[in-house]
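S.K.: First, the structure itself, so that you have it in front of you.
The values are calculated or read from the model by the stated rules, or taken from the named source; none is laboratory data. Bear in mind that the values here come from a model prediction, so they are computed numbers and not experimental data. All Cβ positions, glycine included, derive from the backbone under ideal geometry; neighbour counts span all protein chains shown.
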Amino acid sequence: MKAEIIAVGSELLTPDRLDTNSLFLTEELNTIGIEVLRKTVVGDDRDLLAEAFRDALNRVPLIISCGGLGPTEDDLTRETVADLLGRKLRRNDEILRYIEGRFRSLGREMPEVNVRQAMVPEGAEILENSRGTAPGLWLEDGGRALVLLPGPPRELKPLFREQVLPRLERRASGVRMHSRELRVTGLGESHVEQRILPIYKRFPEVKTTILAAPGETQIHLRFWTEDGAHAKKILDEIVQGFEIALADRIFSQDGRALEEVVAEQLTLNNATIAAAESCTGGLLAQRLTSIAGSSSYFLGGVVCYSNELKTAWADVPAEMIAAKGAVSPEVAVALAEGIRRRVGSTLGVGITGIAGPGGGSDEKPVGTVHVAISHAGGIKERGARFPGDRESIRWQASQIALDLVRVHFLYNSQNAAISSAKRG
């Protein structure tokens, strides 16, 4: 089954309000095999709203709207849909009594404008809203279904799950969406596309989407079918091809963030980590400690922005900073080694760079970053120059740091396996 979502409200067309309802509804619909073809945001304009519903009715058998069911003059959804379907609005006294009761329970008298929320298009099924005054409505017309839901998420979500989802499950076919989400670091969107295009082009039945994000590229695979075993076989084949094409650049095949992958590796290897950060200002520590149970592997860190504190807190030689500059491979390595020795962790991470917008030079422009990890077996340093604003540069620097840790464990594991095989 195909569906469209219409989000109603002029506030959604401003930078002050985000339409999170559509994200929730899409996930819920996909779970039961309903594919969302289009999402539309419409302001509180009756003509535009009527056009959105009319067009959607010509395309799909299911339309779900959210918002525009309140008591004020700018809440136009129920009236617009009633007119579009040629149905009269009639007052439902049961709904009216419920609304009056909600106001009485709060010690208030119901304003007359709330009577509008008790007006129901002929033939509509009422979807009770125990968390607000606006009931939802289910209408059918010529084999098509329209579901009108209140806008506040705290009302919409439980109403949808309790009353709409069971109805849709009875109508849904056996088709389900089978998906994979791979995340890649160290390669931009175009480079990923170039490597994997010949692979996914062989499977036109699978929808492949490549998305760029700061410090990573995401690959989304979606396959709509009734045959789950076939879907698994096809998706496995595609992913295996991607693994060959992208090698160690794939850090997640289940949508996990890089900090989650690194946390798992630190835990599995009984390893600990500490960080000495300059330009990232504690962002790496924040990401590492955002995972539950991080106290088992994250021992601590310092934000040593000034040159003096790089020396005092991470033992970076002052003469090194004077000779090489605070933003240099040598200082990144010294930060990593210094914090590891100070804290006594398995791994130490050092980050230094120029996040901007000022502070750059011809030799070291804004976006220049150096990251290093230190461990008992040696040191690894990586330098980069990132485009973007201050926030983006800082995020990408923390991403490099996490990736260095991930790759460290990846190759340690591979080397251990090779050594074991040779001994065998």
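S.K.: The conditions are (1) surrounded by fewer than 20 Cβ atoms within 10 Å (Cβ to Cβ); (2) in contact with a helix residue (DSSP H, G or I) (Cβ under 7 Å, 6 or more places away or on another chain); (3) under 16 Å from LEU284 (Cβ atoms), and ASP315 fails exactly one of them. Which is it?
M.R.: Answer for ASP315: the failing condition is (3).
Okay, residues lined up against (1) farther than 13 Å from LEU146 by Cβ; (2) touching a Gly at 6+ places or on another chain (Cβ under 9 Å):
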site	(1), (2)
VAL36	yes, no
SER65	no, no
LEU84	no, no
ARG102	yes, yes
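S.K.: Another question, then. Here is a check on your reading of the model: is GLU337 in contact (Cβ under 8 Å) with a residue 12 or more places away in the chain and over 30 Å from ALA213 (Cβ atoms)?
M.R.: Yes, satisfied.
S.K.: Could you list, in sequence order, all residues of segment 221-237 that are over 19 Å from ILE32 (Cβ atoms) and either in contact with an Asp or Glu (Cβ under 8 Å, 6 or more places away or on another chain) or β-branched (Val, Ile, Thr) (or both)?
M.R.: LEU221, ILE234
S.K.: Also: Does GLU243 satisfy the condition of being within 30 Å of GLN399 (Cα to Cα), charged (D, E, K, R) and in contact with a Ser or Thr (Cβ under 6 Å, 6 or more places away or on another chain)?
M.R.: no
S.K.: A further question on this structure: If I ask for residues that are in contact with a strand residue (DSSP E or B) (Cβ under 9 Å, 6 or more places away or on another chain), surrounded by fewer than 19 Cβ atoms within 10 Å (Cβ to Cβ) and not small (Gly, Ala, Ser), which ones from segment 37-56 would you list?
M.R.: LEU37, ARG38, LYS39, VAL41, LEU48, GLU51, ASP55, listed by residue number.
Per-residue answers, yes or no, for (1) in contact (Cβ under 8 Å) with a residue 60 or more places away in the chain; (2) in contact with a helix residue (DSSP H, G or I) (Cβ under 8 Å, 6 or more places away or on another chain); (3) of a type in the set (Lys, Arg):
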| residue | (1), (2), (3) |
| --- | --- |
| VAL81 | yes, yes, no |
| LEU84 | no, yes, no |
| ASN92 | no, yes, no |
| ILE99 | no, yes, no |
| SER105 | no, no, no |
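S.K.: Tell me, yes or no, whether segment 269-288 has at least one residue that is exposed (fewer than 14 other Cβ atoms within 10 Å of the Cβ), free of Cβ contacts under 8 Å to residues at least 60 places away in the same chain and either outside any loop (DSSP other than H, G, I, E, B) or among the aromatic types (Phe, Trp, Tyr) (or both).
M.R.: Checking segment 269-288: not a single residue is exposed (fewer than 14 other Cβ atoms within 10 Å of the Cβ), free of Cβ contacts under 8 Å to residues at least 60 places away in the same chain and either outside any loop (DSSP other than H, G, I, E, B) or among the aromatic types (Phe, Trp, Tyr) (or both).
S.K.: Determine, yes or no, whether LEU168 is in contact with a Cys (Cβ under 7 Å, 6 or more places away or on another chain) and within 30 Å of GLY132 (Cα to Cα).
M.R.: Criteria not met by LEU168.
S.K.: So how many residues does segment 182-213 have that are loosely packed, with under 12 Cβ neighbours inside 10 Å, touching a Leu at 6+ places or on another chain (Cβ under 9 Å) and of a type in the set (D, E, K, R)?
M.R.: 0
S.K.: Looking at (1) assigned by TED's automatic domain parsing to the domain that holds GLU391; (2) over 15 Å from ALA401 (Cβ atoms); (3) surrounded by 14 or more Cβ atoms within 10 Å (Cβ to Cβ), which is the only condition SER295 fails?
M.R.: (3)
S.K.: Regarding GLU337, is this residue buried (at least 17 other Cβ atoms within 10 Å of the Cβ) and under 22 Å from GLY377 (Cα atoms)?
M.R.: Spelling it out, GLU337 is indeed buried (at least 17 other Cβ atoms within 10 Å of the Cβ) and under 22 Å from GLY377 (Cα atoms).
S.K.: Restricting to helices (runs of 4 or more DSSP H) lying wholly in segment 49-164: which have 3 or more residues that are closer than 15 Å to ILE6 by Cβ and of a type outside the set (D, E, K, R)?
M.R.: Correct list: 77-85.
S.K.: Would you point out the residue of segment 136-148, among those that are touching a Pro at 6+ places or on another chain (Cβ under 8 Å) and under 13 Å from GLY67 (Cα atoms), that is surrounded by the fewest Cβ atoms within 10 Å (Cβ to Cβ)?
M.R.: LEU137
S.K.: Let me ask something else. Across segment 383-414, what is the total count of residues that are in a helix (DSSP H, G or I), crowded, with 18+ Cβ neighbours inside 10 Å and among the aromatic types (Phe, Trp, Tyr)?
M.R.: 2
S.K.: Take the residues in segment 184-204 that are part of a loop (DSSP other than H, G, I, E, B) and hydrophobic (A, V, I, L, M, F, W, C), then tell me which one is farthest from PHE251 (Cα to Cα).
M.R.: Within segment 184-204, the match that is farthest from PHE251 (Cα to Cα) is PHE203.
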